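Below is one structure, written out as C-alpha cells, with a few remarks after it.
The values are calculated or read from the model by the stated rules, or taken from the named source; none is laboratory data. All of these numbers come straight from a predicted model, not from anything done at the bench. Every residue, glycine as well, gets a Cβ built from its backbone with ideal geometry; the counts of neighbours run over all protein chains shown.
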Amino acid sequence: MKRGRVPFPFAQQGIGQASAAEKVPDPISGAFSFPIRVYWEDTDAGGVVYHASYLRFLERARTEWLRAQGIEQQRLRESDDLVMAVREMRIDFLKPARLDDALAATMVLCERRRASFLVAQELLRDNECLLRAQVRIACLHASDFRPRALPDWLARADATNHGEVRQ
C-alpha cells in the first residue's frame, strides 16, 4: 500500500455527497495488514464473497491491530469500562473476492477526535484493491454506552509505526 494521502474513496468515485469536511486527512500511521483466507462460509453459492463477509474481514484487521499494540478488548471492557463501536462505515466494493483467495486487510489510523477515531481500510488480493472502507469508531463507557474520551494509549499512537503506542 502506498504511503501518503489516503483518498476519500467516495469523493473520487462520485458516490454520495462528500463535502470537504468528510475527506480523510493524511494518515497518522502507516498501514497495518492482516492476512485473510476466503472460506466456503464467506461465500455465496457461486463462490463469490457475500457482501456481509467483508465487514467481518475488516473487523478482524481492526481487532488484530489492537492486539499488535498489546490491547485486549475484553480487558478494556472489564478494567477500563471501555468498548469500541462502529459509528459510521462507508464502503466502496470495487471487485469481488472468491473462494480460497488469499487477501490482506489493511488499516490506517487517519484521525482522532475526542471520543472517536477514523480508520481507512482496504482489502487487497495480490496488491489489487478489492474494497475500500472508511470507518469511524466511537469510544463508549461499557457500563452505559455513553461516549467517553479516547484512552491515553490511543491518543499517543505513534505517527510512524502503524499506530503503535509510544512508551
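Couple of notes before you dig in:
- Test for residue 115: is it modelled with pLDDT of 95 or more, touching a Pro at 6+ places or on another chain (Cβ under 8 Å), under 21 Å from residue 152 (Cα atoms) and not β-branched (Val, Ile, Thr): yes
- Checked against (1) under 18 Å from the mean Cα position of the chain (by Cα); (2) under 18 Å from residue 131 (Cα atoms); (3) surrounded by 13 or more Cβ atoms within 10 Å (Cβ to Cβ); (4) free of Cβ contacts under 8 Å to residues at least 60 places away in the same chain, residue 42 passes all but a single condition, namely (1).
- For the stretch 53-68, a residue qualifies if it is surrounded by fewer than 16 Cβ atoms within 10 Å (Cβ to Cβ) and over 13 Å from the mean Cα position of the chain (by Cα), and the qualifying residues are 67, 68.
- The test for being of a type outside the set (S, T, N, Q), surrounded by fewer than 20 Cβ atoms within 10 Å (Cβ to Cβ) and more than 23 Å from residue 47 (Cα to Cα) does not hold for residue 119.
- When the stretch 128-139 is filtered for residues that are without any contact (Cβ under 8 Å) to a residue 60 or more places away in the chain and of a type outside the set (Gly, Ala, Ser), the ones remaining, listed by number, are 128, 129, 130, 136, 139.
- For the stretch 69-91, the count of residues that are under 26 Å from residue 46 (Cα atoms) and surrounded by fewer than 20 Cβ atoms within 10 Å (Cβ to Cβ) is nonzero.
- Selected residue [more than 26 Å from residue 156 (Cα to Cα) and of a type outside the set (Lys, Arg)] from 128, 88, 59: 128
- Here 148, 136 are screened, and the one residue that is within 14 Å of the chain's Cα centre (by Cα), basic (Lys, Arg) and more than 20 Å from residue 70 (Cα to Cα) is 136.
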